[in-house]
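Have a look at the structure below, then the notes.
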Amino acid sequence: MKFKNRIQPFSWLMLTWMILFWVSAIDIQASPVVQSPEKYFGFKPGTDRMLFDYSQLIGYLKKLDKASPRIKMFEIGKSPLGKKLYLTCISSENNLKNLNELKDINRKLALYPDLSEKERESCVSRGRVFVLSTLSMHSGEVAPSQAAPLIAYQLATTRDTDYLTILDNVVLIMVPCHNPDGMDMVVNHYRKYKKTKYEGSSMPGIYHKYVGHDNNRDFITLTQEDNQAVARVYSHEWFPQVMVEKHQMGSTTARYFVPPNHDPIAENIDARLWNWCGIFGSNMIKDMTNQGLAGVSQHYLFDFYWPGSTETSMWKNVISFLTEGASVNYATPIFVESNELKGYGKGLAEYKKSTNMPLPWPGGWWRLSDLVTYEVVSTLSILKTASNHRRDILMVRNDLCRDEVQKGKTKPPFYYILPLAQHDRSELVETVNLLKEHGISVYRLTRDMVVNGKFLKKADLVLPLAQPFRAFLKEVMEKQIYPVRHYTPGGKIIRPYDVTSWSLPLHRGLTCFEVNRQIAGFDQNLEKIDKSFSLKQDIPPVFWAAAFSANCNESYKVAFKASEMGLKVERLKEMIRLNHQDLATGSFLVYNQKSNHSKMTSLFDSILVSPVYIKDKIPVKTVPLQVPRIALVETYFHDMDAGWTRYLFDSYSIPYTVIRPGDFENIDFRKRFDVVVFPDISRSILMTGKWKYEDKYYISEYPPGYSKGIGKKGLKRLMNFMENGGIIISWGRSASLFTGTLEVSVAKKPVEEFQLPFGDMSSQLKKSGFYCPGALLKLDLLPDHPITRGMGETIGVFLRRGLVFETYIPSFDMDRRVIGKISERDILLSGYCEKVSGVANKTLLLWLKKNRGQLVLFGFNPQFRASTHGSFKLVFNSILLPRL
């Protein structure tokens, strides 16, 4: 009995352990096995000539989500073609269980400047560093997305104590593919030509519904759905502290780029953010070099001056940077000779061992597997740095929040004012809602006031600078002044990587002014706008017609949409005054028809600014709105400007048909179209399907059938179209298509040679030192012309790689009118130009006539990246030109 009593506790202990072991065993057997990428895809990601597509990528990550407690996926939006966009969270099981709490901590650290020291310390001690990684937004840059499964699998299965510590301290939130539509386009193209002579050839067209490579230029205007989804991650929902965007670059330079960037850098961004970028970059180059990964560079090629890329998050206090890997031909290996490797000026003038590239790559075979390895190692290095500096990174996020708010209270400007009275009120509404989408707080005045000698009205809009995202707000509201830097004192200027102007008020033609002195009690007269902003009023129960001002871009959208819906729309032939408002010539009347009540309701539900409702029929002079049949010319040469034009036309319900240069000789233009639109593309590509640099032509790398040009026969068909009353609209480089000797041949008449009465003087200006990498210039417009309906006397236009025209006295059946010329004084509104005085009084917008045909030529891009709203109406009015 005593023996039994002595053994009983031991038996219960053994039984307990046996039960626990048995339950654990059942649990292990019931858990899904974490499958390796190689087993799932049938090949190891990075294998020569093998790529998985978007559905396979997401399928694998979803499988990991089910199998591993360290991975959780969230749908964050959709691509422009409707594919679901995902965020893949990778961290410790405990962190993922407490994700909502951690997100709340992120929000507080990012947005709350007045946290008590106790609450702040609590947030920092409990918080984790969130690292946002966005992959392969440029779909030809395949390696980052192809590396994603390897990264996810390694972190999901690791037992290494160092990595487990990282997962305890860090939450990786990865967008496994930023551009799902493009990924499938590229992979399908590669698979189609694999094992043929065209394997690795360039994909014809753009790898996106609309904008191709320019999807990384969209993070101010946020026009594309996929970019909107990613921006919400860091502006509204997750508030990561670190962000990396993964890219690829050319094949014959360094193997990899890591931060810091080259000069110039954005001056509105706090020094601490630049320092942190340097810390992450220094650790990357150290860790990658230690693992024998050669050719890693920094302080090279890529500046960080302009916002617009995914790293626009930097202006919102997120430590943000990009990496760039040297490309292969998608998944096809390349051999690079040692003497083909080059440096390119900024930071690496020669391809030699240097501070910016301490371990050069010697050349040889370069494979997708190499790129994938660089992606995995660089990503793990980023996570290690975030883990090692967890507390400091969380602390600095709230420090930046506090300091930006304090700057807004102590340093001018203190406020931006957007008066409610604007030439284009619809653009005011669009801009306010865009700023709110960016996480900016917008207010309205609750009473009339006089500020800085200006009379402000109740309901005018106010943007206080005392808010956490002050750097972003200031950046997009002010005039841009390029920070000129030199390679040596007094030497060559470091020219910008991309454009130099992006001011929302200036690009959109809005009146805006700064308040540069503090005003006691001013904030007490402000009311925050929490909901979506509009200037729409209730629709009256009875009205004869609704009048939409030609001053507003939205009016054109309404008119085109109403026409598409079959509603009766007309344009005013003269200015009229209604309800104390002037309606300019060219304004639209949409008639209220009982038979179309549901269509009218649907149309009016979508408007942002109420029209002038006309209760009873009045005598007005109008012409019916006739929407023409439009041909939009788009090449297969990654034609981004044509894609942006399609986006603009789709956004405004403008119908069009895409035509290709190689089809011109078989198109009956007169029978099928009224208007032909040429977006910005070089003359050589349009005419010959070849690149031209200086005096040499270069063959493209597209498969057969995608590089045929217009040719002489096709151009003659186009000129015949114009001769017989057709309208041609052309901007940017494509306008040079119409210089020199042209031919028409109508019916059985002899061929007629002619030269339109204009020329392109841009090459002469370039030789004299004029340089404009993308800036806003002041343009004086010809008043009371059909092309300038709804426009003011001057506007800002965006010039980059454009044409400058000179005109001549016309002969025979030709004529010309200068519609827009560069002002003589105060030419540069925003951005950077060299020798800008040389273009004073020069022509940038021209109307030409030949017989009954019309040609509208823009030296600038009137719809540049859908960001130059102030010149959109020039496009719309050109489309709607009356026939001669």
In the stretch 227-264, how many residues are among the hydrophobic types (A, V, I, L, M, F, W, C) and touching a Lys or Arg at 6+ places or on another chain (Cβ under 9 Å)?
3
Tell me which residues, restricted to the stretch 585-600, are without any contact (Cβ under 8 Å) to a residue 12 or more places away in the chain and either under 16 Å from Lys557 (Cα atoms) or among the hydroxyl-bearing types (Ser, Thr, Tyr) (or both).
Ser595, Ser598
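If you scan the stretch 725-752, which residues turn out to be polar (S, T, N, Q), closer than 14 Å to Glu634 by Cα and part of a helix (DSSP H, G or I)?
To start, the set of residues in the stretch 725-752 that are polar (S, T, N, Q) comprises 730, 734, 736, 739, 741, 745.
Subset that is closer than 14 Å to Glu634 by Cα: 730, 734.
Ser734, the sole residue that qualifies.
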The condition of being farther than 26 Å from Ser700 by Cα, at pLDDT 95 or above and not hydroxyl-bearing (Ser, Thr, Tyr) holds, among Phe637, Phe664, Phe673, only for Phe673
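I need the full set of residues from the stretch 536-561 which are among the aliphatic types (A, V, I, L, M) and in contact with a helix residue (DSSP H, G or I) (Cβ under 6 Å, 6 or more places away or on another chain), in order please. Quick ask: steps written out before the conclusion?
Of all residues in the stretch 536-561, those among the aliphatic types (A, V, I, L, M) come to 539, 542, 545-547, 550, 558-559.
Ile539, the sole residue that qualifies.
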Tabulated pairs, the stretch 192-206, first under 26 Å from Gly643 (Cα atoms), second assigned to a loop (DSSP other than H, G, I, E, B) and open to solvent by 70 Å² or more (accessible area, probe 1.4 Å), C-beta under 6 angstrom, 6+ apart or interchain:
Ser201/Glu701; Ser202/Glu701
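Which of the strands (runs of 3 or more DSSP E) found entirely inside the stretch 775-860 contain at least 1 residues meeting this: open to solvent by 30 Å² or more (accessible area, probe 1.4 Å) and either farther than 24 Å from Gln764 by Cα or without any contact (Cβ under 8 Å) to a residue 60 or more places away in the chain (or both)?
Values: elements: 775-781, 794-799, 805-807, 814-822, 828-830, 843-850, 853-858.
Once the strands (runs of 3 or more DSSP E) in the stretch 775-860 are filtered for at least 1 residues that are open to solvent by 30 Å² or more (accessible area, probe 1.4 Å) and either farther than 24 Å from Gln764 by Cα or without any contact (Cβ under 8 Å) to a residue 60 or more places away in the chain (or both), what remains is 775-781, 794-799, 805-807, 814-822, 828-830, 843-850.
When you scan the stretch 656-724 for strands (runs of 3 or more DSSP E) that lie fully inside it, which ones turn up with 3 or more residues that are surrounded by 14 or more Cβ atoms within 10 Å (Cβ to Cβ)? Full working, then the answer.
Values: elements: 657-659, 675-678, 691-693, 696-698.
Of the strands (runs of 3 or more DSSP E) lying wholly inside the stretch 656-724, those with at least 3 residues that are surrounded by 14 or more Cβ atoms within 10 Å (Cβ to Cβ) span 675-678.
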Restricting attention to the stretch 129-151, the residues that are surrounded by fewer than 24 Cβ atoms within 10 Å (Cβ to Cβ) and farther than 30 Å from Tyr702 by Cβ number exactly 1
Could you tell me whether the stretch 591-600 includes any residue that is farther than 29 Å from Ile729 by Cβ, among the hydroxyl-bearing types (Ser, Thr, Tyr) and part of a helix (DSSP H, G or I)?
yes
Identify, please: which residue in the stretch 391-432 is closer than 30 Å to Ser555 by Cα and open to solvent by 60 Å² or more (accessible area, probe 1.4 Å) and is, among those, farthest from the chain's Cα centre (by Cα)?
Ala421
Count - residues of the stretch 724-756 that are in contact with a Ser or Thr (Cβ under 9 Å, 6 or more places away or on another chain) and either more than 24 Å from Gly859 (Cβ to Cβ) or of a type in the set (D, E, K, R) (or both):
4
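Yes/no matrix, rows are residues, columns are (1) touching a residue at least 40 places away in the same chain (Cβ under 8 Å); (2) assigned to a strand (DSSP E or B):
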position	(1), (2)
Ser387	yes, no
Val429	yes, no
Gly439	yes, no
Arg447	yes, no
Phe455	no, yes
Ala459	no, no
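Within the stretch 294-366, which strands (runs of 3 or more DSSP E) (wholly inside it) include 1 or more residues that are open to solvent by 30 Å² or more (accessible area, probe 1.4 Å) and either hydrophobic (A, V, I, L, M, F, W, C) or at pLDDT below 95 (or both)? Please lay out each step first, then the result.
Numbers: elements: 319-326, 334-336, 364-366.
Result: 334-336, 364-366.
Take the conditions closer than 23 Å to Gly662 by Cβ, open to solvent by 60 Å² or more (accessible area, probe 1.4 Å) and over 30 Å from the mean Cα position of the chain (by Cα) and apply them to Lys209. Does it pass?
no
Per-residue answers, yes or no, for (1) within 22 Å of Arg629 (Cα to Cα); (2) hydroxyl-bearing (Ser, Thr, Tyr); (3) touching a Phe, Trp or Tyr at 6+ places or on another chain (Cβ under 9 Å):
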position	(1), (2), (3)
Gly709	no, no, yes
Lys713	no, no, yes
Met719	yes, no, yes
Ile729	yes, no, yes
Ser734	yes, yes, yes
Val751	no, no, no
What's the number of the condition Val620 fails, among (1) among the aliphatic types (A, V, I, L, M); (2) under 30 Å from Ser707 (Cα atoms); (3) in a loop (DSSP other than H, G, I, E, B)?
(2)
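The values are calculated or read from the model by the stated rules, or taken from the named source; none is laboratory data. For clarity, every value in this text was computed on a predicted model and none was experimentally measured. Heads up, the Cβs are rebuilt from the backbone with ideal geometry, glycines too, and the neighbour counts pull from every protein chain shown. Protein only, heavy atoms only, side chains kept; ligands, DNA and RNA dropped before computing areas. Shrake-Rupley method; radii C 1.70, N 1.55, O 1.52, S 1.80 Å.
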